[in-house]
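Below: one structure, written as structure tokens.
Please treat every number below as a calculation from the coordinates, not as lab data. Everything quoted here is computed from the prediction, not taken from an experiment. Cβ sites come from the backbone with ideal geometry, for glycine too, and all protein chains shown count toward neighbours.
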2 protein chains.
Amino acid sequence: MQPLMFNLDDSSSLANAIAQQLDAETGQISLRQFPDKETYLRVLTPCKGRSVVVFCNLYQPDDKILRLLFLAATLRELGATKIGIVTPYLAYMRQDKRFNPGECISSRPFAKLLSDKFDWLVTVDPHLHRYESLDEIYTLQGRVVHAAPMIANWISENIKRPLLIGPDSESEQWVSHVAKLAGAPFQVLSKIRRGDYDVEVSLPDVEKWRQHTPVLVDDIISSGRTMIETVEHLYAEQLPKPVCIAVHGLFSDTAYQNLSNLAQVVTCNSVIHTSNAIDLSRAIAEEVGQQF
Amino acid sequence: MQPLMFNLDDSSSLANAIAQQLDAETGQISLRQFPDKETYLRVLTPCKGRSVVVFCNLYQPDDKILRLLFLAATLRELGATKIGIVTPYLAYMRQDKRFNPGECISSRPFAKLLSDKFDWLVTVDPHLHRYESLDEIYTLQGRVVHAAPMIANWISENIKRPLLIGPDSESEQWVSHVAKLAGAPFQVLSKIRRGDYDVEVSLPDVEKWRQHTPVLVDDIISSGRTMIETVEHLYAEQLPKPVCIAVHGLFSDTAYQNLSNLAQVVTCNSVIHTSNAIDLSRAIAEEVGQQF
């Protein structure tokens, strides 16, 4: 069955690439604001009896959520049989614990909102830290695309003598996986804590790596602080200019500028940004295609 | 039991007035944005075993809705027994019909979102046009405050020889009710349609009213078009400068400027605006108080 895909992110070239890979019919919607700033939404493509997918990248989701829920409700009312959502970046996954009494563990109500309206969801490397899988909070069918193979491929094709670097032990599993796929060595920095504000970071066997290009990989760059600290340490160890890679480049405030002053910055196109160099459209389209 | 009231509209003087009238305890929350623009929310006042109310005026609701739902979910999780919402202006009530195929009847999914999270709701004169009551779409306990007595009172105290005017037959019931409460006469303009673009409006017995101040009353002023057309007609009939009163002054773009060039504009304080002159805090507080 030919997929029918509605796009709530007009500006997203990724949505168009996915639609093309899927050979999807593009669903037409009319979306605007009334003079009182309420949302007007109309589905123009018939969807009765059809299985449909909505592309809506839930990066900075607060002012996108209502029109997304309205669209899902309308599609259901108009007779769509199954409704999926593709959100390359899945918001609120980092709010997974009550660190202080009374805090909203927002990943949960957010998951419930989407689960109430959608049958399935495709996303790329959601920030699974304290949750083992999406199923812990999402009751819809959650499908995860992994960017590691595409990142590894980019490293193989673009970096001579890469050395993959994990900034801390938490990142080891993720970095070692990309390193293996790229056929490259990896090292995890070791931290020795001497006090609250006195942490010594060191790269084991540093002499061995002077001719290698350090490649830092993480799932999200937001403030960029972790990456910047690690990069500064590598410079102190007299290693060549590093490459910083992230799946999702959120880049708050001046994060991108600060980091790109120190390193080459490369991201996947899950969040559209000037640093995008690794295309995820094929992998996402493959996962979405399996729902049809 | 002393009400516990959380305010999501920091700038609303109405919320403070209601809290004061209710002698409510003010619930403390911490609300901010993470660097990635996601919302951080923390409830600081214990609410376990308590009945609580959230003030959140759902005017221009699209970017307010997520934090509102997060707050409701958190209050519930923290053990609040009953959760109500006060929204002097209730959004999306005007989207009550599918005028064209595929349109979102947004009043319904919006009602469901609130009904899923809240036990009761207090609002002022919701735009009930095709719905007879809130209960048609809201499954929570909906309570409506009527501004008519406060408007009538303002008219009695401020306008000498008022003549209440309904711009069309739809408004008759509403205008006649305010007129009766104010002890003032009323007239409904009659429209004679001669073609698609040729409508003749006339005020019956116009000679009788030359010494009266025309008072136009409506529930919402948004673009102000209906009011402006009516006012222009009254000028053509050589009546004195009119007064335009609305419960909810939404005033899109230059609506307020355009209308106030022609008439005195007076609104209730359900939406905070420079034209506010009629206070609703006592009536709202009375209705809210009945939930405790």
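List the distances, in nm to one decimal, from the label point of A:Tyr40 to the label points of the same position in every other copy, shortest first, placing each label point 7 Å from Cα along the Cα-to-Cβ direction.
Label-point separations across copies, in nm and ascending: 4.0.
Quantify how strongly other chains surround peptide A:251-262 by giving the mean number of their Cβ atoms within 10 Å of each of its Cβ atoms.
For this peptide, the per-residue mean of nearby foreign Cβ atoms is 1.
Working only with C-alpha atoms, what are the Rg and Dmax values of region A:148-269, expressed in angstrom?
Calculated on Cα positions, Rg and Dmax stand at 13.6, 42 Å.
Note the per residue figure in Å³ for the convex hull of the C-alpha positions in chain B.
Cα convex hull per residue, to the nearest whole number: 149 Å³.
If I build a Gaussian network model for chain B, linking alpha-carbon pairs within less than 10 angstrom, which residue out of B:Asn158, B:Asn100, B:Asn258 has the largest mean-square fluctuation?
Looking only at B:Asn158, B:Asn100, B:Asn258, the largest GNM fluctuation is found for B:Asn100.
How would A:Asp36, A:Asp63, B:Asp125 line up from fewest to most surrounding beta-carbon atoms within 10 angstrom?
In order of increasing Cβ crowding within 10 Å: A:Asp63, A:Asp36, B:Asp125.
Between B:Thr226 and B:Ser13, what is the label-point separation in nm under the 7 Å Cα-to-beta-carbon projection?
2.8
When you look at the Cβ of every residue in B:60-70, what mean number of other chain Cβ atoms sits within 10 Å?
Per residue, the number of nearby Cβ atoms from other chains is 6 on average.
Say the cut-off is 30 Å between C-alpha atoms; which of A:Lys117/B:Lys97; A:Lys97/A:Lys160; A:Lys112/B:Lys82; A:Lys48/B:Lys37; A:Lys82/B:Lys117; A:Lys117/B:Lys37 go over it?
Exceeds cut-off: A:Lys97/A:Lys160; A:Lys48/B:Lys37.
What is the distance in Å between the Cα centres of region B:25-40 and region A:1-35?
Their Cα centres are 33 Å away from one another.
Which net charge results when you count Lys and Arg as +1 and Asp and Glu as -1 among the other residues whose beta-carbon is under 13 Å from that of B:Leu41?
The answer is +2.
Using Cα centres only, tell me the gap between region B:65-123 and region A:48-122 in whole Å.
16
Give me the tail of P(r) for region A:1-67 as a percent: Cα-Cα pairs with distance above 20 Å.
Of all Cα-Cα pairs in region A:1-67, 33 percent lie more than 20 Å apart.
Amide H of A:Glu103 versus every other amide H placed in the peptide plane: which residues, excluding those fewer than 5 positions away on the same chain, fall under 5 Å?
Distant-sequence amide H within range of A:Glu103: B:Val43.
List the distances, in nm to one decimal, from the label point of A:Arg98 to the label points of the same position in every other copy, shortest first, placing each label point 7 Å from Cα along the Cα-to-Cβ direction.
The projected label point of A:Arg98 is separated from its counterparts by 4.2 nm.
7 Å along Cα→Cβ for the label point: how many nanometres lie between B:Ser13 and each equivalent label in the other copies, listed shortest first?
5.1
From the convex hull of the Cα coordinates of the protein assembly as shown, what is the mean projected area in square nanometres?
Over all viewing directions, the protein assembly as shown projects a mean Cα-hull area of 31.5 nm².
Enumerate the amide H contacts of A:Leu163 below 5 Å, restricted to partners 5 or more residues apart or on another chain; note that Pro and chain-start residues carry no placed amide H.
Under 5 Å from the amide H of A:Leu163 lie the amide H atoms of A:Thr213, A:Val215, each far enough along the sequence or on another chain.
Report, largest value first, the span of the C-alpha coordinates of region B:78-191 along each principal axis, in whole Å.
54, 41, 17
Picking from A:Thr230, A:Cys268, A:Ser171, whose Cα lies most toward the positive end of the charge dipole for chain A (charges on Cβ: Lys, Arg +1; Asp, Glu -1)?
Final value for the positive-end residue is A:Cys268.
Taking each residue of A:28-38 in turn, how many C-beta atoms of other protein chains fall within 10 Å of its C-beta, and what is the average?
Across A:28-38, the average partner-chain Cβ count within 10 Å equals 6.
Give the average over all directions of the projected area of the C-alpha convex hull of region B:59-130, one decimal, in nm².
Orientation-averaged projected area of the Cα hull: 5.3 nm².
How do A:Thr123, B:Thr45 line up, fewest other C-beta atoms within 10 Å first?
Sorted ascending by nearby Cβ count, the order is B:Thr45, A:Thr123.
For region B:148-269, what is the charge dipole size about the Cα centre, in debye to the nearest 20, if Lys and Arg each add +1 at the Cβ and Asp and Glu each add -1 at the Cβ?
420
Please build a GNM for chain A, connecting alpha carbons under 10 Å apart, and tell me which residue among A:Ile18, A:Ile137, A:Ile192 fluctuates the most.
Highest fluctuation of the listed residues: A:Ile192.
Mind checking which of B:Asp168, B:Asp219, B:Asp279 has the largest fluctuation in a GNM of chain B, springs on alpha carbons under 10 Å?
Most flexible of the set in this elastic network: B:Asp168.
Roughly how big is chain B's charge dipole about its Cα centre, with Cβ charges of +1 (Lys, Arg) and -1 (Asp, Glu), in debye to the nearest 20?
480
Arrange B:Glu232, A:Glu287 by Cβ neighbour counts within 10 Å, fewest through most, would you?
B:Glu232, A:Glu287
Report, in deg cm²/dmol and to the nearest 500, the calculated mean residue ellipticity at 222 nm for chain B, where each DSSP H run with n ≥ 4 adds -39500 (n - 2.57) and the sum is divided by the residue count.
That calculation yields -8500 deg cm²/dmol at 222 nm.
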